[in-house]
Amino acid sequence: MLDLTYDTPKPKVIAGAKHDWELVIGMEVHAQVSSKAKLFSGASTQFGAEPNSNVAFVDAGMPGMLPVINEGCVALAVKTGLGLKAQINLRSAFDRKNYFYPDLPQGYQISQLYHPIVGEGEVLVEMGDGTARMVRIERIHLEQDAGKSIHDMDPAMSFVDLNRTGVALMEIVSRPDIRGPEEAAAYIAKLRQILRYLGTCDGNMQNGNLRADVNVSVCRPGQYEKYQETQDFSHLGTRCEIKNMNSMRFIQQAIEYEARRQITILESGGSIDQETRLYDPDKGETRSMRSKEEAHDYRYFPDPDLLPLEIEQAWVDEIASDMPELPDEKKARFISDFSLSDYDASVLTAEAENAAYFEEVATHGDGKLAANWVINELFGRLKKEDHDITETPVSPAQLGAIIELIAKGDISGKIAKDLFEIVYTEGGDPAQIVEERGMKQVTDTSAIEAAVDQVIADNPAQVEKAKENPKLAGWFVGQVMKATGGKANPKAVNEIVAKKLNG
Amino acid sequence: MSIDTETARRVAKLARIQVEDDALPALAQEFNTILGFIEQLNEVDVEGVEPMTSVTPMRLKRREDVVTDGDQPDKVLANAPDAREGFFAVPKVVE
């Protein structure tokens, strides 16, 4: 397999009023586990159900109810860990994180503070310019999601829906290895891609199935390198945590704003308070969440309702034997097997479905040609109608047939585009359409010669001019193509026109 | 470790239990007595002893990833002091 190597990207530098500053960012990503039932109850995780209909008494925090762990959620967390090349902890344990909020009926969240199920891993974050950042993963733990409060249905009341309460989340914690807003967005995108490949989280950010808490601090150039050398956080600035972001665009904006806010404070001689902040996309600024600060004493302790979670290596191996090909490997293989550019390979592997589609098309002929057609024609066309690959009216076999027709010389590239449009809108077998509608390329030299002769005979004045100025040959080629309805082989036309004009 | 009145007040607040000011000193004293009992445990040498998580040799019970529960909004909301349109209605909490 081709091994992809990248340079390390330069950290983002922000010029303050006095001097330059660099950013240091770490992220806690909450990814909803793609399980059918909740982490500790048999209630459904289905999105969009009637309020409070996906609720077991365990989720509602009813007295005497006991949590029983969903083995499927554990398997998906293990799979995620393996996908991030992380250490799997055969023994992990659950703790209670205590706080009061209306959407948390238990009065505590069951989480894994002391012994997470997954340990250290890594994610390669490509920046699209030949550079990539290796972001270290510190841990992944399983925990319960909270319910949902709706504040705009009544002026004096908040309405609480517990459908999401107790749904399994994986909290994926990175090291502070991210060095700019673009890297933060690219990190989330890469993580999302891996999770979707693995099928362990659907990555739907709009529904909140993937959301991030972003820790931001600033430091003077050189300080970060000292931290990397020693892993001593005292070289870095005090961080603020921006909570609950579920849009890549807002994450970038929030980081940018937050960094500038901190720089302004530091340059005017102030100091940063470590606090939790919220991003307001309407105002484009972050503000302090004071209430959260007061309740910050979570009084964690091991959950007495749950024994430690012990899993067997054999079970982990079984999960490992069923891993899909992951984005990095797939991309490297596409580059080496199909001679694709880094960019094309990235586009085609962005979603597993895209990659599978391309591979099927590529069985019909040249990989590069297949890539061009999938990316430029098909993706372009789908995008026009805001469709994704799962909604394509053109099957891989149909697109493959079009490519075969081009490769055989049956149709020109230009006719192929018309053919693609027909197949896209009307469907049908491409070879048959070409046959029935007379779209076949004319490679018969005598037919082309006849067409060239006709154009020459009809335009004696142009012929004279062309003898003076050979560049005018192009005009004749155009006329011949027009006369043949674009079906003449352009190469043959070029040759014959040149021969006739000079002859 | 010693619990003063202020700590007792804070613990009560975190637990959302209303305690009148004049009851706090006695509460702090009670905490200290409890902690005193627990302090005694520190005298036992547990070097190298695995923390006990269960008195019987049990494995954590698991369930399969199958939907077996739910679809009972009326029961879930039955004890709610205020429920409207299928939701729990609570005093406004907004960040």
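Of A:228, A:83, A:207, which is farthest towards the positive pole of chain A's charge dipole, taken about the Cα centre with +1 and -1 on the beta-carbons of Lys, Arg and Asp, Glu respectively? Most positive-ward Cα: A:228. Averaging Cα coordinates gives a centre for segment A:344-359 and one for segment A:156-217; these two points are 23 Å apart.
What part of the accessible area of segment A:1-151, given as a whole %, is carbon or sulfur when the probe is 1.4 angstrom? Display every interim value, and only then the final one.
Numbers: 3070 of 5930 Å².
Carbon and sulfur atoms account for 52 percent of the accessible area of segment A:1-151.
Starting from the Cα of residue A:36, draw a straight line to each of the lysines and keep only those under 17 Å, dropping any in the same chain fewer than 8 residues away. Residue A:36 reaches A:79.
A Förster distance of 22 Å, applied to the separation of the beta-carbon atoms of residue A:47 and residue B:79, puts the FRET efficiency at 0.25. What is the distance in Å between the Cα centres of segment B:55-95 and segment A:383-398? Their Cα centres are 41 Å away from one another.
Projecting the Cα atoms of A:108, A:157, A:44 onto the dipole axis of segment A:25-296, where Lys and Arg carry +1 and Asp and Glu carry -1 at the beta carbon, places A:44 farthest toward the positive end.
For the protein assembly as shown, would you read off the P(r) tail past 49 Å as a percentage of all alpha carbon pairs? Of the Cα pairs, 30 percent sit more than 49 Å apart. Structural descriptor for segment A:325-436: relative contact order 21 percent, calculated from alpha carbon pairs under 8 angstrom and at least 6 residues apart.
Looking at segment A:278-356, which trypsin sites (Lys or Arg not before Pro) are DSSP coil and have at most 14 other C-beta atoms within 10 Å of their C-beta?
Numbers: sites: A:283, A:287, A:290, A:292, A:299, A:330, A:331, A:333; in loops: A:283, A:299.
For trypsin sites (Lys or Arg not before Pro) across segment A:278-356 that sit outside H, G, I, E and B with at most 14 neighbouring Cβ atoms in 10 Å, the list reads A:283, A:299.
On association of chains A and B, roughly 4200 Å² of accessible area becomes buried (total for both chains; probe 1.4 Å).
Taking 7 Å steps out from each Cα toward its Cβ at residue A:314 and residue B:68 produces label points 2.4 nm apart. Shielding of peptide A:63-74 by partners, expressed as the average count of other chain Cβ atoms within 10 Å per residue Cβ, is 3. Loop-located GluC sites (Glu not before Pro) in segment B:12-65 (DSSP state not H, G, I, E or B) with no more than 11 neighbouring Cβ atoms inside 10 Å: B:20, B:43, B:47, B:64.
In this simple spin-label approximation, residue A:341 and residue A:260 carry label points 7 Å from Cα along the Cα→Cβ vector, and these lie 3.4 nm apart. The contact residues of segment A:85-110, meaning those that lose at least 50 Å² of 1.4 Å-probe accessible area when all protein chains sit together rather than their chain alone, are A:100. Averaged over peptide A:152-163, the number of partner chain Cβ atoms lying within 10 Å of each residue's Cβ comes to 5. In this structure segment A:387-451 gives 48 Å² per residue of accessible area when probed at 1.4 Å with all protein chains present.
Assign unit charges at the C-beta atoms only (+1 for Lys and Arg, -1 for Asp and Glu), then state the dipole size of segment A:174-319 relative to its Cα centre in Debye, rounded to the nearest 20.
Numbers: 19 positive and 26 negative charges, 146 e Å.
It comes to approximately 700 debye.
Spin-label model, residue A:14 to residue A:274: label points 7 Å out along the Cα-to-beta-carbon direction sit 2.0 nm apart.
In the full protein context, segment A:25-296 carries 38 Å² of accessible surface per residue, based on a 1.4 Å probe and ignoring ligands, DNA and RNA.
Peptide B:76-84 has a mean of 4 when you count, residue by residue, the C-beta atoms of other protein chains within 10 Å of its C-beta. With all protein chains in place and ligands, DNA and RNA left out, the 1.4 Å accessible area ranks A:387, A:30 as A:387, A:30, largest first.
Packing here is the average count of other Cβ atoms within 10 Å per residue, and on that basis the peptides A:255-262, A:121-128, highest first, run A:255-262, A:121-128.
Strictly over 26 Å apart at the Cα level, which of A:384/A:417; A:243/A:384; A:283/A:383; A:408/A:467; A:417/A:465 would you flag in this model? Check vs 26 Å cut-off fails for A:243/A:384; A:283/A:383; A:408/A:467; A:417/A:465.
Summarising the strand pairing of segment A:25-296, around 95 percent of its internal DSSP beta bridges are antiparallel.
Treating only the Cβ of Lys, Arg, Asp and Glu as charged (+1, +1, -1, -1), what charge dipole size does segment A:349-451 show about its Cα centre? Round to the nearest 20 debye. Please list the in-between numbers first.
Values: 9 positive and 20 negative charges, 69 e Å.
Roughly 340 debye, rounded to the nearest 20.
Evaluated with a Cβ-only charge set (Lys, Arg +1; Asp, Glu -1), the protein assembly as shown carries a dipole of roughly 1660 debye about its Cα centre, given to the nearest 20.
On segment A:384-432, 49 percent of the accessible area sits on carbon and sulfur atoms, based on a 1.4 Å probe. Relative to the longest principal axis of chain A, what angle (0 to 90°, nearest 10) does the C-alpha long axis of helix A:71-83 take? Approximately 60 degrees, to the nearest ten.
On the basis of the beta-carbon distance and an R0 of 56 Å, residue A:249 and residue A:445 show a calculated FRET efficiency of 0.50. Quick check: from the Cα gyration tensor, does chain B come out rounded (a/c under 1.5), prolate or oblate? It comes out oblate by the Cα gyration axes. Taking the dipole about the Cα centre of the protein assembly as shown, with the C-beta of Lys and Arg at +1 and of Asp and Glu at -1, give me whichever of A:194, A:301, A:409 is farthest to the positive side. Farthest towards the positive pole: A:409.
Taking a spot 7 Å from the Cα of residue B:61 along the direction of its beta carbon, which residues of segment A:27-42 have an amide N less than 15 Å from it? Residues A:40-42 qualify, since their backbone N sits under 15 Å from the label point. Between the C-alpha center of segment B:1-44 and that of segment A:51-118 there is a gap of 30 Å.
Helix-only arithmetic for chain A: the sum of -39500 (n - 2.57) across DSSP H runs with n ≥ 4, divided by the residue total, places the mean residue ellipticity at 222 nm at -11500 deg cm²/dmol.
The values are calculated or read from the model by the stated rules, or taken from the named source; none is laboratory data. Please read these numbers as outputs of a predicted model, since none were measured by experiment. Every residue, glycine as well, gets a Cβ built from its backbone with ideal geometry; the counts of neighbours run over all protein chains shown. Ligands, DNA and RNA are stripped out before the accessible areas are found, and what is left, the full protein with its side chains, is counted by its heavy atoms. Shrake-Rupley method; radii C 1.70, N 1.55, O 1.52, S 1.80 Å.
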